[in-house]
Amino acid sequence: MSTIPDQHYIDKILQGETSSFAVLIDRYKDMIFTLALKMVKNREEAEEVAQDTFIKIYNSLSKFKGVSKFSTWIYKIAYNTCLDRLKKSKKDENNISIDEFSAHLIKTMDNALSALEEKERKQTIQNCLNLLPSDENFLLTLFYFEDQNLEEIGKIMNINANNVKVKLFRSRQKLAVILKQQLEPEIIECYERK
């Protein structure tokens with residue numbers, strides 16, 4: 001990635017050099033597509049959401065004031081675009097009750113995960129993340145894979161940092177339940193082979 005800051009290109013675009021927008025698209029296309037895919041869970045829809053997001057970014061570029069990081073501002077636009085798409089399609093969410101969660105499950109989950117190979121572990125976690133409701137998948141992805149802090153996530157999702165913390169806790173609990181459900185058959189199968 002180039003060391004020239006985003007603001008340089010933003011200024012050029014606002015001065016009429018629209019071709020500079022290609023640099024910003026190149027910098028953020030993978031990030032936006034990945035996040036869209038996590039939320040809408042469909043490759044074609046994620047591509048459309050990413051395109052819609054870039055159109056919104058381009059049309060709103062003059063509104064970016066630099067109060068937050070440009071990436072945070074983009075995440076927020078991508079997040080809202082995904083929410084709009086989900087509202088339109090009214091997809092059913094796979095809801096997991098928090099009541100099924102206990103501290104014991106986390107320990108079981110950790111033991112089960114340590115039994116898997118690294119590649120299988122990453123794939124299993126990704127598959128389980130995809131079983132979460134879109135907003136929770138998005139939240140965990142921002143925090144763990146995109147290294148966004150609570151404040152930045154709050155700005156993106158339009159909630160305060162304390163609410164982010166609570167949602168993060170609940171999302172982790174649901175993920176633990178899903179991991180337990182997904183991993184138990186593998187563990188049983190592993191012991192039956194021995």
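The values are calculated or read from the model by the stated rules, or taken from the named source; none is laboratory data. Keep in mind that this is a model prediction, so the values were computed, not measured. Backbone-built Cβ (ideal geometry, glycine too); neighbour counts: all protein chains shown. Heads up: the accessible areas ignore ligands, DNA and RNA and are worked out on the full protein's heavy atoms, side chains in. Shrake-Rupley method; radii C 1.70, N 1.55, O 1.52, S 1.80 Å.
I need every pair where a residue in the range 6-35 that is without any contact (Cβ under 8 Å) to a residue 12 or more places away in the chain has its Cβ under 8 Å from the Cβ of a residue that is open to solvent by less than 30 Å² (accessible area, probe 1.4 Å) and small (Gly, Ala, Ser), sequence separation at least 6 or different chains.
Pairs that qualify, where the first residue is without any contact (Cβ under 8 Å) to a residue 12 or more places away in the chain and the partner is open to solvent by less than 30 Å² (accessible area, probe 1.4 Å) and small (Gly, Ala, Ser), are Lys12/Ser20.
Considering the range 151-169 alone, what residues qualify as being loosely packed, with under 15 Cβ neighbours inside 10 Å and in contact (Cβ under 8 Å) with a residue 60 or more places away in the chain?
Asn158
Taking the range 85-99 as the search range and keeping residues that are assigned to a helix (DSSP H, G or I) and surrounded by 16 or more Cβ atoms within 10 Å (Cβ to Cβ), which one is modelled with the lowest pLDDT? Full working, then the answer.
Here is the first cut: in the range 85-99, the residues assigned to a helix (DSSP H, G or I) are 85-89, 98-99.
After this cut, where a residue has to be surrounded by 16 or more Cβ atoms within 10 Å (Cβ to Cβ) as well, the list is 85-86.
Details: Arg85: 88, Leu86: 85.
Restricting to residues being assigned to a helix (DSSP H, G or I) and surrounded by 16 or more Cβ atoms within 10 Å (Cβ to Cβ), the top hit is Leu86.
Suppose we filter the range 57-84 for residues that are β-branched (Val, Ile, Thr) and not in a helix (DSSP H, G or I); how many remain? Write out each step before concluding.
Taking the range 57-84 first, the residues β-branched (Val, Ile, Thr) are 57, 67, 72, 74, 77, 81.
Restricting the remaining residues to those that are not in a helix (DSSP H, G or I) gives 67.
Residues in the range 57-84 being β-branched (Val, Ile, Thr) and not in a helix (DSSP H, G or I): 1 in total.
May I ask you to list the residues in the range 1-56 that are closer than 23 Å to Leu140 by Cα, assigned to a loop (DSSP other than H, G, I, E, B) and open to solvent by less than 70 Å² (accessible area, probe 1.4 Å)?
Asn42
Applying the selection to the range 116-132, what residues are open to solvent by 10 Å² or more (accessible area, probe 1.4 Å) and either touching a helix residue (DSSP H, G or I) at 6+ places or on another chain (Cβ under 8 Å) or modelled with pLDDT of 85 or more (or both)?
Correct list: Leu116, Arg121, Thr124, Ile125, Asn127, Asn130, Leu131.
In this structure, does Ser102 turn out to be among the polar types (S, T, N, Q), at pLDDT 85 or above and surrounded by 11 or more Cβ atoms within 10 Å (Cβ to Cβ)? Give the derivation first.
Values: among the polar types (S, T, N, Q): yes; at pLDDT 85 or above: no; surrounded by 11 or more Cβ atoms within 10 Å (Cβ to Cβ): yes.
Against the criterion (among the polar types (S, T, N, Q), at pLDDT 85 or above and surrounded by 11 or more Cβ atoms within 10 Å (Cβ to Cβ)), Ser102 does not qualify.
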